[in-house]
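The values are calculated or read from the model by the stated rules, or taken from the named source; none is laboratory data. In this text the structure is predicted, and so the values were computed from the model without any measurement. Cβ placement follows ideal geometry from the backbone for every residue including glycine, while neighbour counts extend to all protein chains displayed. Just the protein is used for accessible areas: all its heavy atoms, side chains included, with ligands, DNA and RNA removed. Shrake-Rupley method; radii C 1.70, N 1.55, O 1.52, S 1.80 Å.
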Amino acid sequence: MTATPVTRKDVLRRTAVHAAVSVCSSVVLSLAMAHMLFGNNPDASVPVGFVTVSVVGMGVICSSLLGGGLSYRSAVLLQQLSQVRAELLHLSCTDQLTGLLNRRGYDEAATLALTKAHEAKMPAVALMCDIDHFKVINDQFGHEFGDRVLVEIGQVLRSFAEQHDMLVARHGGEEFAALMIGISAEQAVQHANALRRACAATEVASQGLSAYVTVSIGVASSQVEMNLSQIMRSADQALYIAKHGGRNRVARAEALMDPIAA
């Protein structure tokens, strides 16, 4: 659900409306009370006790009505402000091109997930994924097509993440990051190779142009007391191995072994 932005102008306008409603309500209720007390004859005599009781009663009614109305409008305004704040927070953590988490959103979510994994003594594995020859793609097909490549690969990653309970994000440029909880490094390598093959099988097409792109992936397991920055650095080192080993492959950081081809 997309929240409707509430601006300072909106707040001032609604405040003015509330004030106008309050004044009009007071005038109407005052006239109604005067009519009730005096009828059509302003010179009519009215018992003092009746006037006192009527005034007090009318005051209570006016205060209740106006207070209730203002409280309701304030609650609505606070709800709208809360929705806007939630929307702004979502936007600040989302990559606008791919719709995935951006680096800030990933760091926050992954840090929390990694902390919970450590507390539960569960294994965690990080992945760094990089689109191969992305600069060449941009130079050959144009930046608009390059953006299309990022969107398509992002969709593959999103679908894969939903199937395997994986946290995924666009980490920056043509790099994507992921975190998997509760699986071994060997299982993570299998998942990474499946992801690599899924990306390679995806045809990217835009405005009469089409191409298949590949990705390289670095895999790193979280060691005891390893924070997110450290595990992502290890995954990035593994990615470096994969890139320099020929690309379109997966490499593990732990053993600094040769790239693992499917």
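When only DSSP loop residues count, what GluC sites (Glu not before Pro) in the range 128-192 have their Cβ near at most 10 other Cβ atoms within 10 Å?
none
Using R₀ = 30 Å, calculate the FRET efficiency as 1/(1 + (r/R₀)^6) where r is the Cβ-Cβ separation of Gln207 and Arg247; round to 0.05.
Approximately 0.70, to the nearest 0.05.
Net charge near Ala211: determine it from the other residues with C-beta under 12 Å of the C-beta of Ala211, scoring Lys and Arg +1 and Asp and Glu -1.
Local net charge: -2.
Please go through the range 184-248 and write out the trypsin sites (Lys or Arg not before Pro) that DSSP classes as loop and that have at most 15 other C-beta atoms within 10 Å.
Passing both the DSSP loop test and the Cβ count: Arg247.
How much accessible area does Lys135 have with a 1.4 Å probe, in Å² rounded to the nearest 10?
Around 140 Å² of this residue is reachable by solvent.
How much of the accessible area of the range 186-234, in percent, comes from carbon and sulfur atoms when a 1.4 Å probe is used?
47
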